[in-house]
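Colleague: Starting off with a structure, shown below.
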């Protein structure tokens, strides 16, 4: 029997993950906000706004009706900007079946509440931990869309649910691993966006690989500190959802956060960079909520704080970097 899956969101990652699911043999219904996107997907089999020239595989249909998308779905994958999840899910929850597993494809922390996406899902829908899962890892949509080999992590407190989700998105080019550490996977995914901004800023300023390697390594250290303070398994951050995702984000020009940071490092303002990049860079908003999360748990996050100062405080990158480098010395283990 073919597994039916709903994907809420027809942006780049929602579109690519729908492709993965269809290639794995699933029947996929994509919810999109705009009727013209739905019409184009249904009539041409393409989503040209994000991937012109890409023919989507058979098995994908689109709709503007959330009830139609959710009907009979074993999994409902959520691929909207993280700061819109609460309002969107409040509108969708009544049409999602009580047995449907809710899967976050997002990598952010909610502003104001400092809640992870899994926490927002549980709070809005009342779903227990066995119905909430996340997908993370080094998954640049611009590479996977060409079916280049990649690995990811599907995390859920229920091992059975994680294995079921793993099975429906395992293809010849996408290899998912299971993990029970939902919090660790989400922290890794959200924090890497912030470190990606920092590495992009450094690159835009003309700094080299020593600087970038230092930011990646110390960024992973502060991410791990935050994760441990929230009960995550520290080993998660050495895996695909931690180091793997961080390396992809910090090394690739396909990373929105890296590209956004590069523009800032070259002297562009926040508004100029938003206009130039056009797509959502989650770290731009989430850097504030990640810093808030760190402060709530008493975790020192100097790189994240520096990014917030540059992105939202208007601090010149040269000044912010000088302040970061002048911090008091300490043993590396801290």
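Read-outs: derived from the displayed coordinates by stated rules, not from any lab. Quantities reported herein were computed from a predicted structural model and do not represent experimental measurements. Note that each Cβ is placed from the backbone with ideal geometry, even for glycine, and that neighbours are counted across all protein chains shown.
Colleague: Tally the DSSP beta bridges in the chain and give the antiparallel ones as a percent, rounded to 5. Let's see the in-between values first.
Modeller: Numbers: 5 of 31 bridges.
So the antiparallel bridges amount to about 15 percent of the total.
Colleague: Let me ask something else about it. Among 255, 136, 158, which one moves the most in a GNM of the chain with springs linking Cα atoms closer than 10 Å?
Modeller: Result: 158 has the largest fluctuation of those listed.
Colleague: Using only the Cα atoms of the stretch 236-311, build the gyration tensor, take square roots of its eigenvalues as a ≥ b ≥ c, and label the shape rounded, prolate or oblate: rounded if a/c is under 1.5, else prolate if a/b is larger than b/c, else oblate. List each step's numbers first, then the result.
Modeller: On the way: a/c = 2.24, a/b = 1.26, b/c = 1.78.
Here the stretch 236-311 falls in the oblate category.
Colleague: Right, next: Based on Cα coordinates alone, diagonalise the gyration tensor for the stretch 183-325, multiply each eigenvalue by 5, take square roots, and list the semi-axes in whole Å, largest first.
Modeller: Working: eigenvalues 102, 47, 40 Å².
Each semi-axis is √(5λ); the values are 23, 15, 14 Å.
Colleague: Percent relative contact order of the chain, based on C-alpha pairs within less than 8 angstrom and at least six residues apart?
Modeller: 14
Colleague: Sticking with this one: Return the calculated 222 nm mean residue ellipticity for the chain, to the nearest 500 deg cm²/dmol, obtained by summing -39500 (n - 2.57) across DSSP H runs with n ≥ 4 and dividing by the residue count. Write down the numbers at each step before the final one.
Modeller: Numbers: 15 runs with 161 residues, N = 334.
Mean residue ellipticity, 222 nm, calculated: -14500 deg cm²/dmol.
Colleague: Could you quote the convex hull projected area for the stretch 270-313, Cα atoms only and averaged over all directions, in nm²? Before the final figure, lay out each step's value.
Modeller: Values: hull surface 12.1 nm².
Across all orientations, the stretch 270-313 yields a mean hull projection of 3.0 nm².
Colleague: Which of 107, 192 comes first, and how do the rest follow, when ranked by fewest Cβ neighbours within 10 Å? Let's see the in-between values first.
Modeller: Numbers: 107 28, 192 33.
With the fewest neighbours first, 107, 192 line up as 107, 192.
Colleague: Could I get the Rg over Rh figure for the stretch 187-262? Both from C-alpha atoms, Rh via Kirkwood, rounded to two places. It would help to have the intermediate numbers written out before the result.
Modeller: Working: Rg = 11.8 Å, Rh = 12.0 Å.
Rounded to two decimals, Rg/Rh equals 0.98.
Colleague: Compute the angle between helix 302-311 and the longest alpha-carbon principal axis of the chain, please, reported from 0 to 90 degrees and rounded to the nearest 10.
Modeller: Relative to the chain, helix 302-311 is tipped by roughly 80 degrees.
Colleague: On average, how much area does the Cα convex hull of the stretch 4-182 cover when viewed from any direction, in nm²? Kindly include the intermediate steps, with their values, before the conclusion.
Modeller: On the way: hull surface 36.2 nm².
Taking a quarter of the hull surface, the average projection is 9.1 nm².
Colleague: In addition: Using alpha carbons only, how many angstrom separate the centre of the stretch 80-140 from the centre of the stretch 191-215?
Modeller: When both Cα centres are located, 29 Å separates them.
Colleague: Could you tell me what % of all Cα pairs in the stretch 1-74 have separations over 18 Å?
Modeller: 27
Colleague: To continue, here is another question. Can you pull the percent of Cα pairs in the stretch 36-140 with separation above 20 Å? Numbers along the way, then the final one.
Modeller: Values: 2526 of 5460 pairs.
Above the 20 Å cut-off, the stretch 36-140 has 46 percent of its Cα pairs.
Colleague: Mean-square fluctuation check for the chain, GNM, Cα pairs under 10 Å: which of 223, 211, 100 is largest?
Modeller: It is 211.
Colleague: Would you mind calculating the relative contact order of the stretch 9-51 from Cα pairs under 8 angstrom and at least 6 residues apart, reporting the percent as a whole number?
Modeller: Relative contact order, the stretch 9-51: 39 percent.
Colleague: Sticking with this structure for a sec: Direction-averaged shadow area of the convex hull around the Cα atoms of the stretch 286-334, nm²? Let's see the in-between values first.
Modeller: Numbers: hull surface 15.0 nm².
Averaged projected area of the stretch 286-334's Cα convex hull equals 3.7 nm².
Colleague: Please compute the Cα-Cα pair-distance distribution of the chain with 20 Å bins starting at 0, giving whole percents from short to long.
Modeller: Histogram of Cα-Cα distances, whole percents per bin: 33, 57, 9, 0.
Colleague: Now for a different question. I'd like the Kirkwood hydrodynamic radius of the stretch 157-219, using the inverse of the mean 1/r over distinct C-alpha pairs, in Å.
Modeller: On the way: mean 1/r = 0.0707 Å⁻¹.
Mean inverse Cα-Cα distance, inverted, gives 14.1 Å.
Colleague: Between residue 254 and residue 300, what is the label-to-label distance in nm when each label sits 7 Å out along the Cα-to-Cβ direction?
Modeller: 3.7
Colleague: Determine, for 98, 307, the number of other Cβ atoms within 10 Å of each Cβ, and report the residues in order from fewest to most.
Modeller: Values: 98 8, 307 33.
So the ranking, lowest neighbour count to highest, is 98, 307.
Colleague: Moving on to the next point. Fewest first, what order do 177, 50 take by the number of other Cβ atoms within 10 Å?
Modeller: Working: 177 16, 50 19.
So the residues, fewest neighbours to most, are 177, 50.
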